[in-house]
Every structure is written in structure tokens, then in C-alpha cells.
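Below is one structure, written out as C-alpha cells, with a few remarks after it.
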Amino acid sequence: MKAKFKTYLLYISGFLLVFSAVFYITEWKFIPYVYAVASVIMAVLFLTNPYQGDNFRLKRLNIQQAIAALLWPVSAFLMLKGMNEWMVCLFISAVLLSYVGIIHNHEIKKKNKKE
């Protein structure tokens with residue numbers, strides 16, 4: 001896939017993921033399916049973007065990002081089953097991705113300083 005298409009797909013599926021998670025409370029019948037499709041797209045996009053460098057810490061962060069991405073389809077499955085534990089999976093994923101985002105930027109800045 002082209003990088004621009006991937007970026008747009010990431011934005012759209014991210015918006016749909018947040019939209020469907022927020023509007024789950026309305027009990028619309030199609031919301032869990034929107035969440036499921038968006039979570040699978042987001043997981044595929046995150047999992048098909050591996051880290052290719054030598055930095056061990058960035059490799060570890062990429063593994064944590066992959067775990068967070070895998071929690072989205074799990075939370076979609078729980079949502080489709082009507083279990084409220086999907087919110088726990090979504091929360092854990094959000095915490096992991098927040099941590100990865102902060103530390104990843106720090107590591108990139110540190111790597112660029114050395115060069």
C-alpha cells in the first residue's frame with residue numbers, strides 16, 4: 001500500500017474506533033460492528049509496520065505497540081459478545097500506546113543527537 005493511503009486509512013479507522021467506543025452507550029446495533037472493523041484495520045496497520053533498526057529499546061517498544069494493537073480486536077470481540085470487559089482491553093491498549101508514543105519520541109531524539 002502507498003504511504004499516503006495508509007495514513008488516511010489510519011486516520012479514518014482511528015476516528016471510527018473512537019467514535020464507536022464513545023457511542024457504544026447509545027446501544028445502536030451497528031456500533032459494535034463499526035468498532036470491530038476499525039479495530040481490525042488499526043491492528044493490521046500497526047502490525048505491518050515493523051521496526052527495522054538495531055536499537056533494542058525501539059524494538060521492545062515496537063513489540064509493546066503490537067501487543068496494544070492486538071488488544072483492539074480482542075476488545076471488539078468482547079464488545080460483540082456484550083461483555084463490558086472490552087473497556088479494560090481498550091484502556092490497557094491506550095496506556096501502552098501512550099507510553100510507547102512518549103518513549104519512542106524520546107529515543108528518536110536521543111538517536112538523532114548521537115548522529
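Taking a ≥ b ≥ c as the square roots of the Cα gyration tensor eigenvalues, with a/c under 1.5 meaning rounded and otherwise prolate when a/b beats b/c, else oblate, which class fits the stretch 1-85? Can you show the working numbers first?
Details: a/c = 3.20, a/b = 1.74, b/c = 1.85.
Oblate.
How about Lys81: which lysines have a C-alpha closer than 24 Å to its C-alpha, ignoring those fewer than 8 places off in the same chain?
The reachable lysines, counting only those whose Cα sits under 24 Å from Lys81, are Lys29.
Just to check I understand the Karplus step: with θ = phi - 60° and J = 6.51 cos²θ - 1.76 cosθ + 1.60, what whole-Hz values come out for the stretch 12-28, glycine and proline as x?
Running phi through 6.51 cos²θ - 1.76 cosθ + 1.60 with θ = phi - 60° gives 5, 5, x, 4, 5, 5, 5, 4, 6, 5, 6, 8, 4, 5, 6, 6, 5 Hz.
Counting each DSSP H run of 4 or more residues in the chain as -39500 (n - 2.57), what helix-only mean residue ellipticity at 222 nm follows after dividing by all residues, to the nearest 500 deg cm²/dmol? If you can, show how the numbers build up before the last one.
Numbers: 4 runs with 91 residues, N = 115.
Dividing the helical sum by the residues of the chain leaves -27500 deg cm²/dmol.
Straight-line reach from Lys114: which aspartates and glutamates have Cα under 20 Å away, leaving out those fewer than 8 places along the same chain?
By straight Cα distance, Lys114 reaches Asp54.
Return Trp28, Trp86 ranked ascending by Cβ neighbour count within 10 Å, so the fewest neighbours appear first.
Values: Trp28 12, Trp86 24.
Arranged by neighbour count, lowest to highest, Trp28, Trp86 become Trp28, Trp86.
With respect to the cross-link table entries Lys4/Lys109; Lys59/Lys110; Lys59/Lys111; Lys59/Lys109, which display a Cα-Cα separation exceeding 18 Å? Mind showing how you got there, number by number?
Numbers: Lys4/Lys109 24 Å; Lys59/Lys110 15 Å; Lys59/Lys111 14 Å; Lys59/Lys109 16 Å.
Table pairs above 18 Å Cα-Cα are Lys4/Lys109.
Taken together, the values in this text are just the output of simple stated rules run on the coordinates, not laboratory data. Quantities reported herein were computed from a predicted structural model and do not represent experimental measurements. Positions of Cβ are backbone-derived with ideal geometry, glycine not excepted, and every protein chain shown enters the neighbour counts.
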